[in-house]
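Some notes on the structure that comes next.
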C-alpha cells in the first residue's frame, strides 16, 4: 500500500548532499524529527515527493531518486544546504489535518508573483495546462508538499494564501518569483475524470 500524507509539514530539513548516479541520484537530508525511528524502507515526503529511506543515522537519512522523479519534480535542483519540507506518512490512528496527499508530484510550477500584507502572503504560481483542469477555487493543492487552499485561479495560474504559520514552518516562506515548486493536484479529480471518460 502506498503511503498517504496530509500536506502538514512536520519539519524543515536541510540537504546534506545530492549525489548524481547517472539517470538517478542519492539524496541525503538532515531531519532529526522525521528520522527518529525511521528504518530502511520507510517513506518520507521531501518537498511533496514520497521517497523511500535507504539508510539513516545521526539525524540524517538517505533516499534514492529515480530519473522519472528528477524530471517531474524540482528535487534535481536541490543542493547542499537547501531547505526542504519533510513529512512522515499519516498513521492510521492519526488526524487528517490537511488533505489526502500521495507524494506523487504531477509536475512543477513557477512562482510568478508574491504579494505581502501584514498577516499573510498571496503567492501566484504558474500551472501547466494539463494540470489546471484538476484545480478548482477553494479546492486543495499541494505545493512543495504543503496542503493549501486555492484562493484564486486563471487559465494557467493559481493563487494560494500563506498564513504566518505556513510562512514560518515551510520553505514557502522563502520562495520568491522565479522559483520552481512541486505541484500535486487533488487525486479525486483525476479519478473522477478517468471514470467519466471510461463511460463514453
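Each value in this text was obtained by applying a stated rule to the coordinates, not by laboratory testing. A quick note: this is a predicted structure, and the numbers were derived from the prediction, not measured. Note: ideal-geometry Cβ built from the backbone for every residue, glycine included; neighbour counts use all protein chains shown.
Which FRET efficiency value, to the nearest 0.05, is calculated for residue 30 and residue 149 with the Förster distance at 35 angstrom and r the Cβ-Cβ distance? Before the final figure, lay out the partial values.
Working: r = 30 Å, r/R0 = 0.87.
The value I calculate is 0.70.
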Hey, what angle do you get for helix 187-199 against the long axis of the chain, alpha-carbon based, 0 to 90 degrees rounded to 10?
-> 60
Listed peptides 142-152, 26-36, 161-171 by packing density, highest first (mean Cβ within 10 Å) | 142-152, 26-36, 161-171
What spacing in nm lies between the two simple spin-label points modelled at residue 133 and residue 168, each 7 Å away from Cα in the Cβ direction?
-> 4.2
Calculating Kirkwood radius over Cα pairs in Å from this structure picks out, from (i) 20.2; (ii) 21.0; (iii) 17.2, entry (iii)
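For the range 1-68, what number results from the quotient of the Cα radius of gyration and 2.2 N^0.38 Å? Could you put the intermediate results ahead of the total?
Working: Rg = 11.5 Å, N = 68, 2.2 N^0.38 = 10.9 Å.
For the range 1-68, the normalised Cα radius of gyration is 1.05.
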Report P(r) for the range 107-199: all Cα-Cα distances, bin width 5 Å, range 0 to the bin holding the largest distance, values in whole percent.
-> 3, 14, 26, 26, 15, 8, 4, 3, 1, 0
Considering Cα pairs under 8 angstrom that are at least six residues apart, work out the relative contact order of the range 107-199 and quote it in whole percent.
-> 34
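Using per-residue counts of other Cβ atoms within 10 Å, averaged over each peptide, order 73-86, 37-50 from highest down.
On the way: 73-86: 18.1, 37-50: 20.0.
Result, highest mean first: 37-50, 73-86.
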So what is the relative contact order of the chain, in percent, for Cα pairs below 8 Å that sit 6 or more residues apart?
-> 24
